[in-house]
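Derivation of every value follows stated rules applied to the coordinates shown; laboratory data play no part. Computed from a predicted structure; not experimentally measured. Reconstructed Cβ throughout: ideal geometry from the backbone, glycine too, with neighbour counts over all protein chains shown.
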Amino acid sequence: MKTIEEMGALFLSTRLKRLSDTIFDEVDKIYAANQINLKSRWTGVIFLLHDEGDCGVTQIAESMGLTHPAISQMSQKLLALGYVENKTDPRDERRRVLGLTTSGKALSNELKPIWEHIKICLDARIAKAQDNLLNAILNMEQCQNAHSLFDEIIQLSQLQSAEQVEIVPFSKEYASEFKRLNVEWLEKYFYVEKIDDQVLSKPKKYIINNGGQILFAKYNNEIVGTCALVKSDYENFVQEKEKPLVAYELTKMAVSEKYQGLKIGRKLLQAVISAFKETEGDLLFLESNSRLKPALHLYESMGFVHKPKLDNSHYQRADVYMEYQGS
């Protein structure tokens with residue numbers, strides 16, 4: 001049996017509707033992922049009111065190329081949600097117009113970066129299309145089948161958000177965040193060992209005052225990740241006929257699950273490695289667990305290599321030992 005693609009222009013309207021419905025559904029998923037209570041099919045009304053100011057239903061219908069009843073239905077939905085309100089036209093008191101409420105204005109400001117990401121992704125797909133309309137539609141359909149528009153927009157948003165992550169040094173006000181993030185991570189994968197509780201409860205005493213550093217990832221004024229550079233007290237690091245190695249441990253890295261995908265772990269690792277290079281340390285190492293595959297891949301990508309496990313590890317959970325050899 002032939003597919004509608006093989007039937008060519010005969011089913012053009014069906015294919016256009018299918019593509020349109022798919023894009024609307026993908027944008028609905030984007031809104032839902034951002035906890036935005038809005039249907040993508042109503043976006044045009046919000047956009048016009050944001051861009052043009054107060055407008056009548058007829059004016060919106062003409063601008064969007066839709067019928068008056070269709071815009072009336074959309075506006076009723078938006079009125080019920082509290083995003084728009086009916087107002088008297090100051091230029092003609094007999095005429096009613098729609099305008100954004102305070103909630104609607106806040107919503108439109110929240111939507112602006114999402115609209116920009118949607119535009120970037122769709123423009124890129126359109127650029128791949130050929131002059132032939134059927135080929136252009138086929139290319140758009142193939143793009144959608146190969147890569148979800150939802151996934152593309154989410155990735156773009158994450159990349160932009162990742163640029164806003166700031167790495168900041170330890171301060172007393174962040175001490176509780178250092179413990180909170182690490183305890184959350186430990187309780188998810190393992191348990192809080194005695195040495196963990198000791199160090200996390202008094203980070204300044206056991207890390208900062210001992211020549212180490214604690215770094216934090218800050219995003220939207222919230223501490224979302226942390227990592228420490230600790231001067232090691234292990235006795236393993238000795239070279240024959242030379243002075244003992246000055247070793248530092250990369251440890252206590254934890255990132256809030258809420259912000260996975262912003263490459264926070266990579267940023268923290270880069271910052272800790274840079275901090276180590278500014279010390280007189282000879283060796284940077286870390287201990288981990290073989291269960292933590294994504295973390296191990298990250299360490300490997302940053303220049304850490306696997307070495308035989310330490311005999312006197314502080315951690316019961318540690319079955320992996322790695323040393324930094326540069327990226």
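The listed peptides 209-219, 84-94, ordered by packing as a protection proxy, come out as 209-219, 84-94 (highest mean of other Cβ atoms within 10 Å first). Using helices alone, what [θ] at 222 nm do you get for the chain, with -39,500 (n - 2.57) per DSSP H run of 4 or more residues, divided over all residues and rounded to the nearest 500? Dividing the helical sum by the residues of the chain leaves -15500 deg cm²/dmol.
Listed by chain and number, the lysines whose C-alpha is less than 21 Å from the C-alpha of residue 231, apart from same-chain residues fewer than 8 away, are 172, 179, 194, 202, 204, 205, 243, 252, 267, 277, 307, 309. In straight-distance terms, cross-link reach from residue 258 covers every one of the aspartates and glutamates whose alpha-carbon lies under 20 Å from its own, apart from those fewer than eight places away in the same chain; here that gives 110, 151, 152, 163, 166, 177, 184, 187, 222.
According to the Cα-based calculation, Rg over Rh for the chain is 1.15, with Rh computed by the Kirkwood formula.
The lysines within cross-link reach of residue 77, meaning a Cα-to-Cα straight distance under 27 Å and a gap of 8 or more places when in the same chain, are 17, 29, 39, 87, 105, 112, 119. In this structure, the amide hydrogen of residue 101, modeled 1.01 Å from its nitrogen in the peptide plane, lies closer than 5 angstrom to those of 84, 85, counting only residues at least 5 positions away or on a different chain.
With each label modelled as a point 7 angstrom along the Cα→C-beta vector, the residue 257-residue 194 pair spans 3.0 nm. With a ≥ b ≥ c taken as the square roots of the eigenvalues of the C-alpha gyration tensor of region 8-162, please select rounded if a/c is under 1.5 and otherwise prolate if a/b is larger than b/c or oblate if it is not? Oblate is the answer for region 8-162, as a/c is 1.5 or above yet b/c matches or exceeds a/b. On the basis of the beta-carbon distance and an R0 of 22 Å, residue 86 and residue 52 show a calculated FRET efficiency of 0.85.
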